[in-house]
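Structure record follows, encoded as structure tokens.
The values are calculated or read from the model by the stated rules, or taken from the named source; none is laboratory data. All values reported here derive from a predicted model rather than from experimental measurement. Cβ placement follows ideal geometry from the backbone for every residue including glycine, while neighbour counts extend to all protein chains displayed. Protein only, heavy atoms only, side chains kept; ligands, DNA and RNA dropped before computing areas. Shrake-Rupley method; radii C 1.70, N 1.55, O 1.52, S 1.80 Å.
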Amino acid sequence: MMKTYLALVLVFLFGVTAGPGRVKAQEASDSTVGRELGASPNPADAHDPPDWLFPIAKLNQSLPSWIHIGGQYRNRLEAPSGIGYTGSSDFYMLQRLRLNVTIQPKPWLRFRGALQDARIFFNHHTPSGNPFQDTWTLWEGYVQVGNSTKGWGDVLAGRQVLLFGAERVIGPSNWLNVGRTFNVARVDLHRSNYKVSMFASSVVPGDNNDLHNALPGNNLYGVYASLENIVPKATFEPYVLWRLAPSSSLLSETLARGHLNEVTLGLHWNGTLPADLDYDSEFDWQTGSLGSSTINAWAGYAGVGKTFPQAAVKPRVLIEGNYASGTKNPAGHQWNTFDQLYPSNHDKYGFADQVGRRNLVQFRVSVEEQPTARWKLKQAFEGYWLATSHDNLYGSSGAIAVPAHPGASPHIGNELDLVAEYQWGQGLNFGFGYARLFAGSFLKTATPGHDFSFPYAYFQYNFSKSGFHFPVTPNKPN
């Protein structure tokens, strides 16, 4: 079925639509995370970059209204040290180019085609593959019948980015150089105060072979709803996800233990309170089977923030807690390790990207400031522990980062994050940051115990002057 959909879309390779990539009106693969597409963080003013820097935007003004050309170029320098908690270090440049075209001949008919070229340069120890390099791939290509904002619903088929809620279960992982996309068929129903998405999908492997055919049998089905005003000034998002996957060395979730048949029941709930308070929470329970083992796993997140709008830099203080279960008896017949599915983990579990949402306990305190209309700053301090020392430490990808060391202290370490970003108009932004994971007792026992440090700097240029990913404040409710 997916091959049929993909063949249909390839006929319209240079046609594109900005269809609903999430229940909350996601409109493009290079769009903002935690922000509605098209919402300009800062209005245009005399200090915006000159128009001659955006010839594609000028071209779009002269094209017919039913066609739109866009794209994005991103460049990042990274210099990690303490790789694998050893004395190893590296320095490299990441480059990513996305090009897309939208054709909308009718209000109810859209086509989308998008190409991506992701590369790594000057690296010595970091591998030249996924998630750093994937050259000239079909990033998106789909057809949409119906309107994502008007009427009762729409239908979509092809290759598309999926982004739901706060991206703790499904997101494009946009910070990664390659990112994540899906072959998908979906139906969206929507009215003013509710949206429901039903989909069948297969994740697209991040490697360069023909059209990146999905791994047979590795499928994700779901129903995701977004309900507003059930609770005042809040969004209530219940969902059900059904994951099927073969036993494969290519899938860290199965660990070659057998076929995966897993159901995730989840709820994402966020909103605002009086006194400039906001909150965000997400809870998931998983059941099913992994080979001969019965699955019983869960994860939860809760965060409370307070903004001080009258202060000079409008600071926002955020306190967060995360938990994802692990397996205390790997030789038993019950599997308790939470399957993080397909999240966007960057920032949610630190800017160093060393831990994932599996066998984890995390607490974090952060402060965000906006000293000017264009500068955004963030500082965070967090601690990590294993939920059980009988299970592994899992990396941001969900794969095993450090094997289990029963009897060791569960304290993984503490992390300090410092980030600054400057947005120049709607088409350019620049940023730099530093993250350091101070090795705790577990890492000092199970590895050479070096701290991991991660300085980086980046800039991003958007051809059509819209659609940016801002890493500084992705968790604040819209």
**Report entry** Filter pass, residue 107 being touching a residue at least 24 places away in the same chain (Cβ under 8 Å), surrounded by fewer than 20 Cβ atoms within 10 Å (Cβ to Cβ) and over 20 Å from residue 460 (Cβ atoms)
**Finding:** yes
Query raised in the report: Can residue 109 be described as aliphatic (A, V, I, L, M) and farther than 24 Å from residue 197 by Cβ?
Result: no
Report task. State yes or no: is residue 39 surrounded by 14 or more Cβ atoms within 10 Å (Cβ to Cβ), modelled with pLDDT under 50 and assigned to a loop (DSSP other than H, G, I, E, B)? Result -> no
Report summary line: The condition of being of a type outside the set (Phe, Trp, Tyr), touching a strand residue (DSSP E or B) at 6+ places or on another chain (Cβ under 8 Å) and closer than 30 Å to residue 277 by Cβ holds, among 373, 401, 380, only for 380
Query raised in the report: Which one of these is in contact (Cβ under 8 Å) with a residue 40 or more places away in the chain, at negative phi and open to solvent by 40 Å² or more (accessible area, probe 1.4 Å): 132, 164?
Result: 132
Query - Close pairs from the stretch 283-312: first under 15 Å from residue 329 (Cα atoms), partner open to solvent by 50 Å² or more (accessible area, probe 1.4 Å) and of a type outside the set (Gly, Ala, Ser), Cβ under 6 Å, at least 6 apart - result: 290/257; 293/333; 294/334; 296/334
Query - Hey, residue 397 within 30 Å of residue 462 (Cα to Cα) and at pLDDT below 95 or not - result: yes
Requested in this report: With the condition kept exactly as written, say whether any residue in the stretch 189-207 is open to solvent by less than 60 Å² (accessible area, probe 1.4 Å), under 24 Å from residue 318 (Cβ atoms), in contact (Cβ under 8 Å) with a residue 24 or more places away in the chain and of a type in the set (Phe, Trp, Tyr).
Outcome: no
Query - Tally of residues being open to solvent by 10 Å² or more (accessible area, probe 1.4 Å), among the charged types (D, E, K, R) and touching a Leu at 6+ places or on another chain (Cβ under 9 Å) across the stretch 369-394 - result: 1
Query raised in the report: Just for the stretch 82-92: of the residues that are open to solvent by less than 40 Å² (accessible area, probe 1.4 Å) and under 21 Å from residue 175 (Cβ atoms), which one is nearest to the chain's Cα centre (by Cα)?
Result: 92
Query - Selection status of residue 145, among the aliphatic types (A, V, I, L, M), open to solvent by 20 Å² or more (accessible area, probe 1.4 Å) and more than 29 Å from residue 301 (Cβ to Cβ) - result: yes
Report task. List every residue pair whose Cβ atoms sit under 6 Å apart, with the two residues 6 or more apart in sequence or on different chains, where the first one lies in the stretch 213-232 and is farther than 22 Å from residue 272 by Cα and the second, anywhere, is open to solvent by 50 Å² or more (accessible area, probe 1.4 Å) and not in a loop (DSSP other than H, G, I, E, B). Result -> 221/242; 223/198; 223/240
Query raised in the report: Looking at this structure, is residue 425 of a type in the set (Gly, Ala, Ser) and modelled with pLDDT of 95 or more?
Result: no
Query raised in the report: Among the residues of the stretch 447-461, is there at least one that is within 20 Å of residue 315 (Cα to Cα) and crowded, with 21+ Cβ neighbours inside 10 Å?
Result: no
Requested in this report: Check the stretch 61-78 and report whether any residue there is of a type outside the set (Phe, Trp, Tyr), free of Cβ contacts under 8 Å to residues at least 24 places away in the same chain and either in a helix (DSSP H, G or I) or buried (at least 19 other Cβ atoms within 10 Å of the Cβ) (or both).
Outcome: yes
Query raised in the report: If residue 353 passes every condition in (1) of a type in the set (Asp, Glu); (2) within 30 Å of residue 49 (Cα to Cα); (3) open to solvent by 20 Å² or more (accessible area, probe 1.4 Å) but one, which one does it miss?
Result: (2)
